[in-house]
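The values are calculated or read from the model by the stated rules, or taken from the named source; none is laboratory data. Treat the numbers as computed from the prediction; the structure is a model and nothing was measured. Here Cβ is always computed from backbone atoms with ideal geometry, including for glycine, and neighbour counts include all displayed protein chains.
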Amino acid sequence: MKSADNMKRVFKSAVVRTRSASDEAVFENVRTAYERSIEDRSTQPTPIFGRFIMNSPRTKPAIAAIVLVLVSAVVLLLWQDAGSGVALAEVLTKIEQITAYTYDISITRTRPSQSATGTKSTGTALISRDHGMKMTTETIDPNNESTSREIYVLPQKRTMVMIEPQKKSYQRYKLNDTMIERFREQCNDPRSMIKKMLICEYSSLGQSVIDGINVEGFQTTDPAYSENSAFGQADVKVWVDVKTRLPVRSEIFVTEQIDGEVRTHRVLDNYQWNVPVDAAEFEPDIPDDYTTRMGDITVPAFTEETAIKGFKVFADLAGAYPNNLGGETFFKELGELLGPTRDRKPSEKYKKVSDVTTPIGGLVAFYQSLVQGKKDPAYYGQFVTPKDADLVLMRWKVSDDEYRVIFGDRHAETVTADVLKELEKKLPDSD
């Protein structure tokens, strides 16, 4: 991207975050001056920027004037930010200087169409820059049944361990970098939250008092927060200590469509910063009498190859493809497929449960990543069988005029939008 385009983008983002019409006017003047200087330079050779300033008497006054206006505008913006309280970028800098911290978690998940009570979870999280993450949670479902979990995410070992004391069971997962970051998002790690807010349009909620602490709040409902994320559409609020520039409380309200509407309200508070930690706290303590049902599971990367393997495993077992790729309906279908009451001989290829669940889980995760990434995905497994070599099983957008297509026989091709349109006309539901 040209430097002029970069500057225009910076100006645009700066104007979005100004707080008054006068600020916008200042930046508009700066942008206009810069664009005019670019037009003046368009008739000149394009040497290195530093040499151009030093060696061109004609441009020295213009460049000096632009720099002066830029500096004045930036100083004005910073002065106003300082007067109003907290700059959100500074909050991220402060968090990244912290070596270890804890916070409390409260999560309420409801399906308005099914239950008014929903599922409630509470817990604590301990985050260490050197050792990883440890969470303890207790979840009470609508039937008032309780489940406790201990979860360890250990980036240096690329491992996650989940322990369920009531079931005397545990499960160990081998993670890739994408899954580690996604888990941080799901746990609402404040560092991840602030990083995502900074690429969004956000607004100040003004100053208030929480638990005797003077705070300034920030909010975003920008769809960009939810893109390529673990969440559906999110409304995010963060309150920051005006004195320390560190979070005091955060709330995320998420609405997702998973076999109907699901609403999730997450609250994080009681942050404790720079707490002492012991490496032993991040060593999972698994009693000898605890068992694992599936052994160690390697979480696959979310790729086309993973999706194709998942399709193959499902077709080997069922002789067909799943009707959909997510939600309760899908997991019910998978449960029936693996259930002991089903009249089907076990496949010799898949002797362990994880041999089935890992690739199929990778398929579902890949499709969900396409949805969250707004890649215009579509899935036709309810119509297409492994014998339909020329029918579109799944497709997604890879460029402005190109789509990637996985066909019924699981071979893949890149086609134009026009070709895809003709291919989809062959589907049974195209009439």
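Q272 fulfils the conditions (1) modelled with pLDDT of 90 or more; (2) in a loop (DSSP other than H, G, I, E, B) except for a single criterion, (2). When G319, G310 are screened for being surrounded by 19 or more Cβ atoms within 10 Å (Cβ to Cβ) and at pLDDT 75 or above, only G310 passes.
Per-residue answers, yes or no, for (1) under 30 Å from V364 (Cα atoms); (2) among the charged types (D, E, K, R):
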site	(1), (2)
T220	yes, no
E261	yes, yes
W273	no, no
E283	no, yes
K309	yes, yes
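Restricting T147, T119, T137, T124 to residues that are over 28 Å from V86 (Cα atoms), at pLDDT 85 or above and touching an Asp or Glu at 6+ places or on another chain (Cβ under 6 Å) narrows the list to T119. With respect to (1) in a helix (DSSP H, G or I); (2) at pLDDT 90 or above; (3) β-branched (V, I, T), the lone exception for T329 is condition (2).
From the list D288, D343, the one residue that fits, being in a loop (DSSP other than H, G, I, E, B), out of contact with any Phe, Trp or Tyr (no Cβ under 8 Å at 6 or more places or on another chain) and at pLDDT 85 or above, is D288. Among residues of the stretch 419-431 that are surrounded by fewer than 11 Cβ atoms within 10 Å (Cβ to Cβ) and in a loop (DSSP other than H, G, I, E, B), none has a Cβ under 7 angstrom from a residue that is among the hydroxyl-bearing types (S, T, Y) and modelled with pLDDT of 95 or more at a sequence gap of 6+ or on a separate chain. When only residues in the stretch 152-168 that are closer than 20 Å to D289 by Cβ and under 23 Å from the mean Cα position of the chain (by Cα) count, which is surrounded by the most Cβ atoms within 10 Å (Cβ to Cβ)? My answer is Y152.
Matching residues to (1) without any contact (Cβ under 8 Å) to a residue 60 or more places away in the chain; (2) assigned to a strand (DSSP E or B); (3) not charged (D, E, K, R):
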| residue | (1), (2), (3) |
| --- | --- |
| I98 | no, no, yes |
| T102 | no, yes, yes |
| I107 | no, yes, yes |
| P112 | no, no, yes |
| A125 | no, yes, yes |
| K134 | no, yes, no |
| T139 | yes, yes, yes |
| N144 | yes, no, yes |
| T147 | yes, yes, yes |
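Close contacts from the stretch 301-315, counting a first residue that is touching a residue at least 12 places away in the same chain (Cβ under 8 Å) and a second that is part of a loop (DSSP other than H, G, I, E, B) and surrounded by fewer than 20 Cβ atoms within 10 Å (Cβ to Cβ), with Cβ to Cβ under 6 Å and a gap of 6+ residues or different chains, come to A301/N176; I308/R410; F311/R410; A315/P386. The residue of the stretch 122-136 that is nearest to Y101 (Cα to Cα), among those that are in contact with a strand residue (DSSP E or B) (Cβ under 6 Å, 6 or more places away or on another chain) and surrounded by fewer than 18 Cβ atoms within 10 Å (Cβ to Cβ), is T124.
Of all the numbered requirements in (1) of a type outside the set (D, E, K, R); (2) modelled with pLDDT of 95 or more; (3) in contact with a Ser or Thr (Cβ under 8 Å, 6 or more places away or on another chain), T414 misses one, and that requirement is (3).
Restricting attention to the stretch 150-168, which residues are assigned to a strand (DSSP E or B) and either out of contact with any helix residue (DSSP H, G or I) (no Cβ under 8 Å at 6 or more places or on another chain) or of a type in the set (S, T, Y) (or both)?
Going residue by residue through the stretch 150-168, those that are assigned to a strand (DSSP E or B) are 150-154, 159-164.
Answer for the stretch 150-168, where residues must be assigned to a strand (DSSP E or B) and either out of contact with any helix residue (DSSP H, G or I) (no Cβ under 8 Å at 6 or more places or on another chain) or of a type in the set (S, T, Y) (or both): I151, Y152, T159, V161, M162, I163, E164.
Considering each residue of the stretch 356-373 in turn, none proves to be in a strand (DSSP E or B) and of a type outside the set (D, E).
Inspect the stretch 389-404 for any residue being crowded, with 20+ Cβ neighbours inside 10 Å and over 25 Å from the mean Cα position of the chain (by Cα) and give the result as yes or no.
yes
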